[in-house]
There are 2 protein chains.
Amino acid sequence: MGDRYASFANSGPGRGLVKRLGLPDPPRLRRYRPGDPLTEGPVLLGAAPGGRLGDPVRKLLSAAGVDAIDEPLADGGHGALIFDATGITGTTKLSELYEFFHPNARSLRRSGRVIVLGTPPGSAAGGPEATAQRALEGLTRSIGKEFGRGITSQLVYVDPGGEGALESTLRFLLSGRSAYVSGQVIRVGAGNPPAPADWQLPLAGRTALVTGAARGIGAAIARVLARDGADVIALDVPQAGDALAGVANDVRGRAFQLDLTAPGAGERLASYLSGPLDIVVHNAGITRDRTIAKMDPAGWQSVLSVNLVAPERINEALLAKDLVRSGGTIVGVASIAGIAGNRGQTNYATSKAGVIGLVQSSAPGLLAKGITINAVAPGFIETAMTAKMPVTLREAGRRMNSMAQGGLPVDVAETIAWFASPGSATITGNVVRVCGQSLLGA
Amino acid sequence: MGDRYASFANSGPGRGLVKRLGLPDPPRLRRYRPGDPLTEGPVLLGAAPGGRLGDPVRKLLSAAGVDAIDEPLADGGHGALIFDATGITGTTKLSELYEFFHPNARSLRRSGRVIVLGTPPGSAAGGPEATAQRALEGLTRSIGKEFGRGITSQLVYVDPGGEGALESTLRFLLSGRSAYVSGQVIRVGAGNPPAPADWQLPLAGRTALVTGAARGIGAAIARVLARDGADVIALDVPQAGDALAGVANDVRGRAFQLDLTAPGAGERLASYLSGPLDIVVHNAGITRDRTIAKMDPAGWQSVLSVNLVAPERINEALLAKDLVRSGGTIVGVASIAGIAGNRGQTNYATSKAGVIGLVQSSAPGLLAKGITINAVAPGFIETAMTAKMPVTLREAGRRMNSMAQGGLPVDVAETIAWFASPGSATITGNVVRVCGQSLLGA
């Protein structure tokens with residue numbers, strides 16, 4: 001939530017303005033329903049000469065039943081533009097981007113997709129290639145701000161050897177699952193992860209633990225993981241009893257009441273489990289907003305304990321007893337406040353920056369065990385919490401992003417489901433914002 | 001420049017609002033004049049138990065004539081709060097931050113300073129320490145947004161072994177030189193760089209090349225480097241002749257007219273030089289703003305050529321002939337548009353993201369030669385270019401940051417002078433924004 005923006009949006013004239021904003025109508029975003037095709041129109045492929053991802057992508061799309069074309073439709077109507085930029089080995093070749101995107105910039109349908117595929121600068125063959133590959137980020141982020149109409153734009157860096165690991169990510173990014181994800185940089189590692197037997201039920205046979213599952217984003221996560229085939233254990237504090245039972249019921253899962261900050265909580269959870277988990281989602285989180293000058297010690301401590309210390313301790317307890325299976329995944333829920341900081345949220349921002357730290361510091365060790373760990377960082381998501389915000393602050397948060405609207409809990413959940421897919425087994429240490437490309441950054 | 005914000009700020013009601021903003025008066029920022037003390041009040045030191053930087057910092061400040069105290073002044077009036085967080089080896093110890101900043105949050109003078117010192121997560125002794133150290137970023141960025149009154153807040157990660165390498169950075173951050181730098185994460189490497197004989201003239205005896213030096217930010221860079229003791233070679237295109245001669249004259253330096261995009265420009269520059277350079281500042285840059293749909297090929301190409309390809313080629317030419325001395329530094333000028341992307345600037349953002357790529361991909365190889373390379377990323381800086389922007393877009397750019405105003409060319413120049421100091425010889429691969437902690441991020 002833009003603090004500086006918010007302070008003027010909450011001023012006398014600001015309040016009036018926000019009501020009368022007269023912005024273009026926020027586009028209606030394409031969101032996923034089971035059975036939907038991946039895109040609504042053909043995917044136009046482009047490539048800089050010498051790239052290594054064009055062929056694998058073409059085959060993958062064809063097997064997935066997507067119409068992939070090399071010549072643009074005369075009247076537009078493309079569902080996506082995918083450009084293989086791995087052939088850009090030096091800065092003078094960046095003009096290939098212009099050659100592809102200039103003539104096709106207006107050819108996308110609403111909620112279309114732009115995906116640029118590159119080589120991670122750290123894995124490039126040399127300095128000039130690394131420089132040019134790093135430059136791609138400026139293009140994709142600018143396109144995300146420029147194209148509008150619900151069109152998202154991402155940069156996907158694929159490690160050499162990761163040519164066979166792209167499918168879960170392309171399916172996520174092309175589909176309505178990624179409706180509110182834009183301007184992101186995603187890294188896919190080397191390897192050949194197993195394809196799910198059924199891409200409609202990628203999580204079949206997997207057991208997922210979701211903390212804070214009684215309400216809001218947590219409930220949406222439980223529902224989406226269950227929809228995708230997972231057995232869900234919905235966890236929340238005892239006070240959330242009825243709501244928690246309701247969610248567990250909806251998803252035909254189990255409810256487990258536990259205060260994760262209580263001493264020995266990790267051990268209690270470990271004894272509750274009848275077998276190892278495939279998916280652990282640390283969604284439970286609280287806010288206690290106050291400037292640090294006015295914050296009491298309990299307000300600091302409780303936020304740190306719930307949002308950061310508890311996930312860390314739960315990971316330790318589960319991993320100590322091998323209760324996360326090889327091939328499994330752990331997902332932390334960070335926040336754009338943990339990236340950009342926020343006025344009145346020193347506690348929350350510290351905890352959420354710590355979640356990013358937990359993901360980044362754990363990833364290498366977990367990779368050796370065949371476990372991935374990633375974070376989502378939600379921006380403005382429409383929940384009971386944001387519904388209580390003052391109208392102008394709420395409108396500011398909603399509008400100040402490339403989608404000109406707030407996201408939905410399901411958007412966060414879909415991103416987590418993508419991380420949890422068996423096909424995402426080479427994706428680790430990523431922090432992906434679900435923020436509609438919010439202006440608020442670091 | 002907030003594109004989404006700008007589009008509504010330029011709408012009918014937005015235009016009225018921005019005029020009547022009624023925001024708190026932008027604070028008058030403390031800026032450096034030679035002879036100024038580093039701070040205007042005593043520096044309050046704090047530390048988490050077990051930290052390794054408290055003693056070196058205390059000695060350094062004392063030698064620099066700064067009053068460093070351990071007990072807060074009863075009525076406030078501190079010039080800075082410096083907290084050594086290197087003792088925070090796990091997330092439960094993050095409460096040390098609250099213990100220090102809560103009681104002292106209101107004790108700073110206008111244009112005061114908050115500096116948190118930590119250990120780079122990648123250099124931490126283990127996962128728990130890495131997680132906790134990463135969390136510091138959420139705190140410092142939130143404080144930067146919370147404290148107001150021209151107070152800046154930074155996180156400085158100091159590699160183990162870098163305890164003796166802090167002075168140039170603390171001098172920069174405490175002083176008025178860093179007036180418009182806030183919310184940044186800086187990394188100081190291990191080593192014991194030489195202290196300048198005179199901290200008032202840290203660049204004495206050094207030769208600096210500044211490209212695009214005829215006007216605006218480039219002219220300010222030439223002046224600040226010269227003020228700090230450097231011999232300056234001011235370079236610009238032949239068409240800038242008179243303005244360039246004026247700047248060179250002002251700084252008692254040399255003017256060199258050269259089109260850096262011309263074939264053989266690197267070689268012409270190399271032959272012009274009578275000896276190796278200590279400081280190379282790639283400031284020359286242009287914009288040709290258009291959406292990519294409307295952009296002509298020349299608009300794409302010229303921006304990429306001037307902003308990215310030329311610096312890359314010049315580095316190659318200089319380094320091939322050993323024309324950058326060991327102990328020297330190279331500085332690229334990126335932009336927040338290169339970090340966050342910007343509507344209408346696919347070319348510019350790509351070029352500036354590429355500048356970041358050039359810095360990051362070159363740093364390891366150059367370190368082996370004793371040369372550092374870093375980038376500044378300016379936000380909204382008051383120049384002839386921004387003066388021509390529509391009033392509402394200009395006001396938006398000016399206000400949407402923690403300083404509630406635009407920066408000055410001198411702010412960018414001071415940051416470059418800090419990178420160029422002999423005392424900064426262990427700082428490389430950094431990208432530091434000079435943006436007043438602009439909301440616009442990645």
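Read-outs: derived from the displayed coordinates by stated rules, not from any lab. This one's a predicted model, so the numbers in the text were calculated from it and none came from an experiment. Cβ: placed from backbone, ideal geometry, glycine included. Neighbour counts: every protein chain shown.
Could you tell me the extents of chain B's C-alpha atoms along the three principal axes, largest first, rounded to whole Å?
Taking the Cα atoms of chain B, the three principal extents are 60, 57, 43 Å.
Computed over the Cα atoms, what is the radius of gyration of region B:253-366 divided by 2.2 N^0.38 Å, N being its residue count?
Computed over Cα atoms of region B:253-366, the ratio equals 1.12.
What value does region A:120-216 have for Rg/Rh, both radii from Cα atoms and Rh as Kirkwood defines it?
On the Cα set of region A:120-216, Rg over Rh gives 1.04.
With a length cut of 20 Å (Cα positions projected on each helix's long axis) and a Kyte-Doolittle mean of at least -1.0, go through chain B and give me the DSSP H helices that pass.
Result, helices passing both filters: B:127-147, B:346-368.
Taking a point 7 Å out from Cα toward Cβ as the label site, list the nm distances between A:Lys369 and the same residue in every other copy, smallest first.
Result, one decimal in nm: 4.5.
Placing +1 at every Lys and Arg Cβ and -1 at every Asp and Glu Cβ, with all other atoms neutral, what dipole size does chain A have around its Cα centre, in debye to the nearest 20?
Dipole size: approximately 1260 debye.
Put the label 7 Å from Cα along Cα→Cβ for B:Arg252; what are its distances to the other copies, in nanometres, shortest first?
Result for B:Arg252, in nm, nearest copy first: 8.5.
Taking Rh as the Kirkwood radius computed over C-alpha pairs, what is the Stokes-Einstein D of region A:184-271 at 25 °C in a medium of viscosity 0.890 mPa s, expressed in µm² per second?
173 µm²/s
Computed on alpha carbon atoms, what radius of gyration and Dmax characterise region A:322-406, expressed in Å?
Calculated on Cα positions, Rg and Dmax stand at 16.0, 48 Å.
Please work out, to two decimal places, the log10 of the ratio I(q)/I(0) at q = 0.11, 0.15 Å⁻¹ from a Debye calculation in which every Cα of region B:207-434 carries one identical scatterer.
-0.51, -0.98
Please state, as a whole number in µm²/s, the translational diffusion coefficient that the Stokes-Einstein equation yields for region A:31-188 at 10 °C and 1.306 mPa s, with Rh defined as the Kirkwood radius across alpha carbon pairs.
Rounded, D is 103 µm²/s.
Using only Cα atoms, locate the centre of region B:177-205 and the centre of region B:216-291, then give the distance between them in Å, rounded to an integer.
23 Å
Using the Kirkwood radius over Cα pairs, work out the Stokes-Einstein diffusion coefficient for region B:356-427 at 37 °C and 0.692 mPa s, in µm²/s as a whole number.
Here the translational diffusion coefficient equals 230 µm²/s.
For peptide A:400-407, how many partner chain Cβ atoms fall within 10 Å of a residue's Cβ, on average?
Averaged over the peptide's residues, the number is 2.
Identify, for chain B, the residue whose C-beta comes nearest the rotation axis onto chain A, and round that distance to whole Å.
B:Gly441, 1
If you project the alpha carbons of region A:292-354 onto their three principal axes, what span does each projection cover, largest first, in Å?
Principal extents (Cα only, largest first): 44, 23, 9 Å.
Counting DSSP beta bridges in region B:166-268, what percent are antiparallel, to the nearest 5?
In region B:166-268, approximately 0 percent of DSSP beta bridges are antiparallel ones.
What does the net charge come to around B:Val232 if you take all other residues with beta carbon closer than 13 Å to its beta carbon, with K and R at +1 and D and E at -1?
0
Just round it to a whole percent: the fraction of Cα-Cα distances in region B:93-135 exceeding 12 Å.
It works out to 66 percent of all Cα pairs.
Out of A:Pro37, A:Pro409, A:Pro311, any idea which swings most in a Gaussian network model of chain A, alpha carbons joined below 10 Å?
A:Pro37
Determine which lysines satisfy two conditions relative to A:Lys321: a Cα distance under 29 Å, and not lying fewer than 8 residues away in the same chain.
Answer for A:Lys321, where 29 Å is the Cα cut-off: A:Lys352, A:Lys369, B:Lys93, listed by chain and number.
Across peptide A:251-259, what mean number of C-beta atoms from other chains lies inside 10 Å of a residue's C-beta?
0
How far is it, in nm, from the label point at A:Glu267 to the one at B:Arg252 when both lie 7 Å from their Cα along the line to the Cβ?
Those two pseudo-labels are separated by 7.4 nm.
So what are the three principal axis dimensions of the protein assembly as shown from its Cα atoms, in whole Å, longest to shortest?
Each principal axis gives a Cα extent; for the protein assembly as shown these are 79, 71, 55 Å.
List the residues, sorted by chain then number, that are 5 or more residues from B:Ser111 or on another chain and whose placed amide H is less than 5 Å from its amide H.
Amide H neighbours of B:Ser111: B:Gly150, B:Ile151.
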